[in-house]
Structures are given as C-alpha cells and as structure tokens.
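*Asks:* The structure follows.
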Amino acid sequence: MRIDIITVLPELLQSPFDASILKRAIEKGLVEIHFHNLRDFATNNYKQIDDYQFGGGAGMVMMIEPIDKCISGLKSERDYDEIIYMTPDGETLKQGMANELSLKENLIILCGHYKGVDQRVRDQFITREISIGDFVLSGGELAASVLCDAIIRLIPGVLSDETSALTDSFQDNLLAPPIYTRPAEYKGWSVPDILLSGNTAKIEEWREDAAYKRTQERRPDLLSDQ
Ligand code: ADE
C-alpha cells in the first residue's frame, strides 16, 4: 500500500510513523508513506496557501490551486483508490471503514487546516470525507495519523500474529473481553479461575460471554448496529 499525505505541517505527522508497528510496516515494505508539503505547491512569491473567505467571516480558507497542483501531479503518476479529506463534518471513522481501506493500493489523504478547504476542492477531487469523532482538532494531521494507524495495522504481515487484529474490539461489533497477565494474584485481587484452567474451549466461551456483557454495558448501540 502507498499513502500520500498532503499537509501544511509535515513535522506534526512524522513521529507516529517513526515508532513501533507503523515503523516496522514501513521497514518491511508493506506500506510506503509520502508527505507532501502544500507550501511547495504555492504559486506566488509569499508561498501562500490560504486566503480570506468570499462573503467575509473569520478564518482563512485553504486555496484550491496548490491542492490541485499537488493532487493532479500525484494522479498523473498512478491511480488512486480514494482521495480522502480529514474533516470533522465527514463520515465517522469506524472499524469497518478501516478494514475496507486496508485493502486498497493507493490512498491520498488531505489534511485540512484553518477554516478548511475551498469547497471546490471537496467537489472536484475528494472521494471520501472522514472524521475521527465529534470534536474539532486544530488540523487534520493528528486525525490522518489516527486513520493511518487504524488502516496499516490491518495490512497482512504488519502484526506478527495476524489473528490479534481479528480479536480487536469492534471486529464483529463487540468490545474486547477483559485480559490479565501474571501474577495470578496481586494484593488479593485475583484473575478469573477459568483463565488458569487450561480448558481452551471453556476459556473461549468465557471470553465471548465477557465481550458480549461488556458491550451490553458500555456500548449497547453496537449490538443494534449490525
Ligand atoms: N480536522 C479537525 N477536526 C477533525 C476531526 N474530528 N476529524 C478529522 N479531521 C479533523
């Protein structure tokens, strides 16, 4: 998979890709990440990429021309499956969407800033608008790194034990069951006996039951969201 990220703040995006699972995925050649600094596509001497909004109002708007130049340049080199715009008014990111996007070959992610982008960018270039939740961040960069993490860990070969992604919360619309590790008893707080029994069938049954109970208690909406 190849992901091209268009941003005004590439330095804000770097570190999530320099550690742990994402770093290893890049090193193994399972994903390529390319950052594009929008300012490199500015057309005037001031390297301007934003301007006042027509009709008045507070806040700057990201201009269409630098974004067009960047996206059109990328599209002339390869086909893209999706051109994604990170925005709080997009479709809310869910596990199913991450699963779907993890199967794609080439993605562009445009990070918004200031008040957002000129609507014509959204109308002409963007194929998908994604929000990571009902809150407003200072820009799309942190949201883009959240999206990339959710997608990349699902690419086959990225996690050493592939089944571990399949047992995550939200796969099957269930939260994950409680988990424990040694010691089996700490300050009188003990681990459920069943997990120490060695009976894998019974343990699996307990986990399914616990996942269901936890989902019912915390996120009943997921159970009716099939
Ligand atoms: N940009 C600002 N806030 C955002 C959000 N919640 N999701 C995606 N992109 C954003």
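Bear in mind these aren't lab numbers, they're just calculated from the coordinates by the rules spelled out. For clarity, every value in this text was computed on a predicted model and none was experimentally measured. Neighbour counts are summed over all protein chains in view; Cβ atoms, including those assigned to glycine, are modelled from backbone coordinates with ideal geometry.
*Asks:* Would you be so kind as to identify which of Val146, Ile179, Gly112 lies farthest towards the positive end of the dipole of the chain, taking Lys and Arg as +1 and Asp and Glu as -1 on Cβ and the Cα centre as origin?
*Replies:* Ile179
*Asks:* Using a Förster distance of 41 angstrom, determine the FRET efficiency expected from the C-beta separation of Arg214 and Lys115, and round it to 0.05.
*Replies:* Values: r = 40 Å, r/R0 = 0.97.
After rounding, the FRET efficiency stands at 0.55.
*Asks:* Would you mind working out the magnitude of the charge dipole of region 28-100 relative to its Cα centre, with +1 at each Lys and Arg C-beta and -1 at each Asp and Glu C-beta, to the nearest 20 Debye? If you can, show how the numbers build up before the last one.
*Replies:* Details: 7 positive and 13 negative charges, 51 e Å.
Approximately 240 debye in magnitude.
*Asks:* Checking the a/c ratio against 1.5 first, then a/b against b/c, what shape does the Cα gyration tensor give for region 50-154? Write out the running numbers ahead of the final one.
*Replies:* Values: a/c = 2.43, a/b = 1.33, b/c = 1.83.
Note, shape of region 50-154 comes out oblate.
*Asks:* Any idea what angle helix 200-218 forms with the longest principal axis of the chain, computed on alpha-carbon atoms, 0 to 90 degrees, nearest 10?
*Replies:* Helix 200-218 and the main axis of the chain meet at about 50 degrees.
*Asks:* Ok, one more. Within the chain, how many Lys pairs that are eight or more residues apart, or on different chains, come under 28 Å at the alpha-carbon?
*Replies:* Value for the chain: 20.
*Asks:* Just to confirm the number: angle between the C-alpha axis of helix 64-77 and the first principal axis of the chain, 0 to 90 degrees, nearest 10?
*Replies:* 70 degrees
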